[in-house]
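Novice: First, the structure itself, so that you have it in front of you.
Throughout, read-outs are computed from the coordinates displayed, never taken from laboratory work. Model, not experiment: these values are computed from the prediction. FYI the Cβ positions are ideal-geometry reconstructions off the backbone, even for glycines, and counts take in every protein chain you see.
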Amino acid sequence: MKLSAQEEYGIRCLITLANKGEDASMTIPEISEIEGMTPSHVAKILAILRRAGIVESTRGQAGGYKMARQPKDIVLKTILDPLGGQIFGPDFCERFMGGHEECVHEGNCNIRPLWTSIQAAVDAVTTRYTLEDIMQGRIEEPLVKVALQSPRN
């Protein structure tokens with residue numbers, strides 16, 4: 001399991017934009033240059049973030065993107081969900097039915113608790129921290145310590 005480049009680059013674009021200052025606007029080429037990304041990739045990410053209400057766009061000669069909210073008001077989950085989606089969401093089982101019309105484990109699924117536990121752990125972290133927390137370096141590693149145990153016999 002891994003996060004996509006889209007989530008990483010989305011957060012990086014937001015940090016760049018937020019560091020510009022309140023009500024300051026930046027163009028796609030400016031963000032692209034700073035982050036070392038293609039303009040088309042930045043445009044795609046910013047379009048997603050605009051639809052999610054995280055950034056605003058202005059068209060025209062003096063147009064560009066700016067933050068729609070303060071970094072302290074943007075929890076990480078509201079950034080990550082539109083960029084990559086949840087690990088386990090309401091449509092998960094429907095997407096992984098194999099060649100059948102419904103899951104063969106429907107009603108007797110031993111796998112679902114694993115995915116819901118992982119999603120709950122991710123949600124606990126991503127709803128606890130904001131974009132400002134990242135910008136200010138307030139997130140320390142590791143957030144969760146897991147004791148490695150031998151498998152049960």
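Novice: Tell me, what HN-Hα J-couplings in whole Hz come from the Karplus equation 6.51 cos²θ - 1.76 cosθ + 1.60 at θ = phi - 60° for each residue of the range 120-133, using x for Gly and Pro?
Specialist: Whole-Hz 3J(HN,Hα) from phi for the range 120-133: 4, 5, 4, 4, 4, 7, 6, 9, 7, 10, 10, 4, 4, 4.
Novice: OK, next. Once you place label points 7 Å from the Cα toward the Cβ at Ala47 and Ala124, how far apart are they in nm?
Specialist: 3.8
Novice: I need the trypsin sites (Lys or Arg not before Pro) found in the range 1-95, filtered to DSSP loop residues with at most 16 other beta carbons within 10 Å of theirs. Could the numbers behind the result be given before it?
Specialist: Working: sites: Lys2, Arg12, Lys20, Lys44, Arg50, Arg51, Arg59, Lys66, Arg69, Lys72, Lys77, Arg95; in loops: Lys2, Lys20, Arg59, Arg69.
Answer by residue number: Lys2, Arg59, Arg69.
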